[in-house]
């Protein structure tokens, strides 16, 4: 078995300048310090928006800064420069698109409000003008001595008033239909924006924010109907080695492959989310940790021997595994307590050699001390 493909070829990256062994040391140190300062500024001013994954981006920048400060191998430094430039470019593109979308939504909202004000103001002035004119005409009727002429004049004004009321009703109906359409369009844009804010941009899975909301809802439901559920934390093994060996673009595609595998192992109503970096969190309807553990182990066993990708026209292969930690909900659980237990089980799996799944029960003593 040659392995499964990771998809398209590696995206082109910025061509790195070769590191000359005769380069001026002071100049190199100054450029490194400038690069470090720029990365620090970028991390400091990254927008705190869930859909932009700013926290994960900051962690990645911190890791890159550390590597750039300590890496001495020229080829590794060149690869780091390419990865940093590519990822920073993608983050800035996401930030620019996000700000453009928000600005467009705000403009649409302001325009709808302006239309409402203009419509109400215009219709009211026109209706008021007709009422004033009709009232003036009626006030002059007292001067009419002929009863028949008075009746005709009164009939005309009543007809005029009815027409004015009918016109206003038609106008209001038209404006109502128009504005309802605009409001519905804005609501749809808002729903779309909220969905994007709750979705991980790389894997299209729910993100950490969506998981936090979901687990609280699951805990509330469990408290009301007594139906237990399980939480599984999954983390890719030795992921830094993959990034160092193949570059961050391939690392991203490994994360996507893992996300697709985990998503294939859940049923409707369950949740797989990207918890952060190379870590995933799952909400499963399995009543016991043992049942959920078997499901995660089955996914681990489904991993192919290798994944195939193309690099500079050549076929290459990458392998990866993951470790998992599982725990079942118990009465009195909070989101923090159940995730902490699943994390403890995950760390236990890592300590025991990785590529395995462990469980963490809620002990009686631990429940009393919590």
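Laboratory data are not the source of any read-out in this text; all were calculated from the coordinates shown. Quantities reported herein were computed from a predicted structural model and do not represent experimental measurements. Counting neighbours? That spans all protein chains shown, and the Cβs are built from the backbone with ideal geometry, glycine included.
Could you order peptides 282-294, 261-273 by the average number of other Cβ atoms within 10 Å of their residues, highest first?
282-294, 261-273
What ranking do 350, 174 get, fewest neighbouring Cβ atoms within 10 angstrom at the top?
174, 350
Rounded, prolate or oblate: which fits segment 208-369, taking a ≥ b ≥ c as square roots of the Cα gyration tensor eigenvalues, rounded meaning a/c under 1.5, else prolate when a/b beats b/c?
prolate
Please arrange 66, 248 by counting, for each residue, the other beta carbons lying within 10 Å of its beta carbon, fewest first.
Sorted ascending by nearby Cβ count, the order is 66, 248.
Residue 70 to residue 92: extension gain in nm, 0.36 nm per residue of separation minus the Cα-Cα distance?
Answer, rounded to one decimal: 5.3 nm.
Ranked by Cβ crowding within 10 angstrom, fewest neighbours first, how are 238, 333 ordered?
Fewest-to-most Cβ neighbours within 10 Å comes out as 238, 333.
Which of the three applies to segment 198-238, rounded, prolate or oblate, going by the alpha-carbon gyration tensor with a ≥ b ≥ c and a/c under 1.5 meaning rounded?
Oblate shape, in that a/c is at least 1.5 and b/c is the bigger or equal ratio.
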